[in-house]
Amino acid sequence: MHSALWMPSADRVGMEPLTLFAAYAAQRYGCPADAKYPVLHQWSVEHPADFWSAVWECCGVIASKRGDAVLDDARQFPGARWFADARLNFAENLLRHTGSDTAIIGLLETGEPRRISHDELRREVATVAASLRELGVGVGDRVAGFMPNIPETVVAMLATTSLGAVWSSCSPDFGFNGVLDRFGQITPKVLFSADGYIYNGKHCDSLERLAQISESIESLEAVFVAPVLSPNPDISAVCHGQMFPDASAMEPPALSFAQLPFDHPLFIMYSSGTTGPPKCIVHGAGGTLLQQLKEHRFQVGLRPGDVFFYFTTCGWMMWNWLVSGLASGAALLLYDGSPFAEDGARLLDAIDSEGISVFGTSAKFIAALEKAGKKPRETHRLDKLRSILSTGSPLSQESFEYIYRDFKSDVCLSSISGGTDILSCFVGGAPTLPVYSGEIQAAGLGMAVEIWNEAGEPVVEQKGELVCVKPFPCCPIGFWDDPQDKRFRAAYFASWPDIWAHGDYGEITAHGGFIIHGRSDAVLNPGGVRIGTAEIYRQVERVPAVLDSIVIGQQWLDDVRVVLFVVLRDGAELDDVLQQEIRRMIRQNATPRHVPAKIIAVADIPRTISGKIVELAVRNVVHGDPVKNTDALANAAALAYFKDLPELAE
């Protein structure tokens, strides 16, 4: 086994909220004393009622009633019921803090940061909630956000959920059809938007699309517009349009919070929608709150006084995950714009200027910094930075090593993996554990995660399907408009009865960590051997001339052949020498079966709006099959680079 890249100091371990939680669970619920993480995890999945009760108590969940019931129908999955007697409000838990300390820092590509205190945040939420209440918005109504990642979006979400209404959002870079495919299914009563957004130096107007959207969704009764590009935007073409409520213009009523059941609908999220209309995934308030509190406090180590950043848009689940950091007393840094603004310096500078302690980003951003030769340890102080989180795609060994070599040596680098499906993680960080190159540290507490082979048997140090074998509180309530849960059960429970199959292809390592090798539906199968796409990406990323890549399996002569598409640096050419270098890198560090039969240079790689590459869409184009929902893509025009390629006809 290779040695750890990082080990937490004894002092750090002693101060971690995770350590304090383990001591509480031992004293109150009989968890083995001084339990190391693997023992604590085993206890958490074997004693779920005790574990989740301990999370509730340690995190100080605010509720008008908790009740005695913790877990009913524990053998039903789906169908288990958590805290059936509880009554609570999600927004109340996020707005628990008061005073003049900073709650939110808003940052755009240009300009000074905007700071909002806890008291100011509560006042703004009360103002917007009063406006919604006047419109008749109440329990169960849907409110949508077509918004950039700005403070007003958080205010609108908290105002919505304080009333017991259901929040759903997407980012303003979605096209008209992409927005309609989502919000059109859920019939929102109110829509929040901005007049536009700034990305990569460009001012992008949203009002034309907003006018179309407001005209096309008949259920809308009001559309609130926040000013971003102009202090006084012309919203005359927007049906039911009015400006975002101004907290300084009125005396808001006192905040009130509807007390609702644990599984009351909170958020409607959307699947990527690259294989058809997006699925509307309904998440409950209590399960989302409890799971994200657990992850923030214990798996990340978030605490009052921290500045918490994650690069995300409002169309990705990481926005919902980030915002819940308010419940742990952290200040949120909301950034809207390109992650590579000022050649990446905008975000790196913010680590120092805003004192970021937890910095969340994507594997792509980290790889791009390395390719660009950035060495933040030489250019920035990074003195407050304690943890770096990465998600969106598997983080390569090279990126792990880059962080500790060129970013910061004493930092907990946690690759995390879960998804929109659970609004959280199955596997992720544990700040009391070492970090090994290329490995996710551990399964999340309370998550009975295993890797199963095709026979449905749990395996270690073998590749297989990531499954969860016991119920967990953040399991979705179901899909919107899905009678008898038919589509919901087909999505997650069709492979094995009563077992959540997540659709990730991975393995458990000798350290008890995890490696995700890619999505199960994108697994390559040359000669009948299953290969995860991430196994190839890890090697291709090591080739300096390659900036980006995507790999698919092409049906060929009654078999499947591996086809690799690459985007090259300016001035690089895919000649025989470079092809040999790529193939040699893959063969030496993976296996001969991983070596692509074809390597083809393309100008761009298609991605979803949240930045994920779309292997299935490319595979469809290569095989001449339709791509059903190109509005889910940030750069759908890139699909044309893969159509009718003569290299793939021979």
Cα extents of segment 417-542 along the principal axes, largest first, in whole Å, come to 47, 42, 28
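Ignoring ligands, DNA and RNA, what accessible area per residue does the chain give at 1.4 Å, in Å²?
So the chain comes to 38 Å² accessible per residue, rounded to a whole number.
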Over its alpha-carbon atoms, segment 62-168 yields an Rg and a Dmax in Å of 17.0, 54
What helix-only [θ] at 222 nm does the chain give? Using -39500 (n - 2.57) per DSSP H run of at least 4, over all residues, to the nearest 500, the answer is -8000 deg cm²/dmol
Kirkwood-based Rg/Rh on the Cα set of segment 168-214 evaluates to 0.97
Surpassing 28 Å at the alpha-carbon level, of the pairs 294/384; 36/470; 36/294; 463/643; 202/598, are 463/643; 202/598
Among segment 236-252, those whose backbone N falls under 18 Å of a label point 7 Å along Cα→Cβ from residue 215 are 236-242
Log10 I(q)/I(0) at q = 0.08, 0.15, 0.19 Å⁻¹ for segment 1-152, from Debye over equal alpha-carbon scatterers, is -0.41, -1.10, -1.18
Here the residues of segment 177-203 lying in the modelled label zone of residue 243, meaning backbone nitrogen under 17 Å from a point 7 Å along Cα-to-Cβ, are 193-196
Cα extents of segment 330-452 along the principal axes, largest first, in whole Å, come to 44, 28, 24
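On average over all directions, what projected area in square nanometres does segment 245-392 have, based on the convex hull of its Cα atoms? Each step should come with its number before you reach the end.
Details: hull surface 48.5 nm².
So the mean shadow area of the Cα hull is 12.1 nm².
Counting only protein heavy atoms and using a 1.4 Å probe, what share of the accessible area of segment 176-328 belongs to carbon plus sulfur, as a whole percent? Before the final figure, lay out each step's value.
Working: 2710 of 5320 Å².
In segment 176-328, the share of accessible area belonging to carbon and sulfur is 51 percent.
Can you pull out the GluC sites (Glu not before Pro) in segment 179-276 that DSSP calls coil and that have at most 15 other Cβ atoms within 10 Å? Provide the component values of the computation, followed by the final result.
On the way: sites: 208, 215, 218, 221; in loops: 218, 221.
Of the GluC sites (Glu not before Pro), the ones in loops of segment 179-276 whose Cβ has at most 15 other Cβ atoms within 10 Å are 218, 221.
Based on the alpha-carbon gyration tensor of the chain and its eigenvalue square roots a ≥ b ≥ c, which shape applies: rounded if a/c is under 1.5, prolate if not and a/b is larger than b/c, or oblate? Show your work: numbers first, answer last.
Working: a/c = 1.42, a/b = 1.19, b/c = 1.20.
It comes out rounded by the Cα gyration axes.
Would you please put 175-182, 533-540 in order of how densely packed they are, using the mean number of other Cβ atoms within 10 angstrom per residue and starting with the highest? Could the numbers behind the result be given before it?
On the way: 175-182: 19.6, 533-540: 23.1.
Packing order, densest peptide first, comes out as 533-540, 175-182.
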Percent relative contact order for the chain, counting Cα pairs under 8 Å at least six residues apart, stands at 13
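How large, in percent, is the carbon and sulfur part of the accessible surface of segment 493-593 at a probe radius of 1.4 Å?
Values: 2060 of 4460 Å².
Within segment 493-593, the accessible surface is 46 percent carbon and sulfur.
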Mean 1/r over distinct Cα pairs of segment 217-299, inverted to a Kirkwood Rh in Å, yields 17.1
In whole percent, the Cα-Cα distances of segment 544-622 spread across 10 Å bins from 0 upward as 17, 48, 33, 3
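If you restrict to DSSP beta bridges whose two residues both lie in the chain, what percentage is antiparallel, to the nearest 5?
Numbers: 55 of 97 bridges.
Just about 55 percent of them are antiparallel.
Going highest first, how would you order 412-421, 445-454 by mean Cβ packing within 10 Å?
412-421, 445-454
The values are calculated or read from the model by the stated rules, or taken from the named source; none is laboratory data. Computed from a predicted structure; not experimentally measured. As a convention, Cβ positions derive from the backbone with ideal geometry for all residues, glycine included, and neighbour counts pool all protein chains shown. Each accessible area value is taken on the protein alone, full model and side chains, heavy atoms only, with ligands, DNA and RNA left out. Shrake-Rupley method; radii C 1.70, N 1.55, O 1.52, S 1.80 Å.
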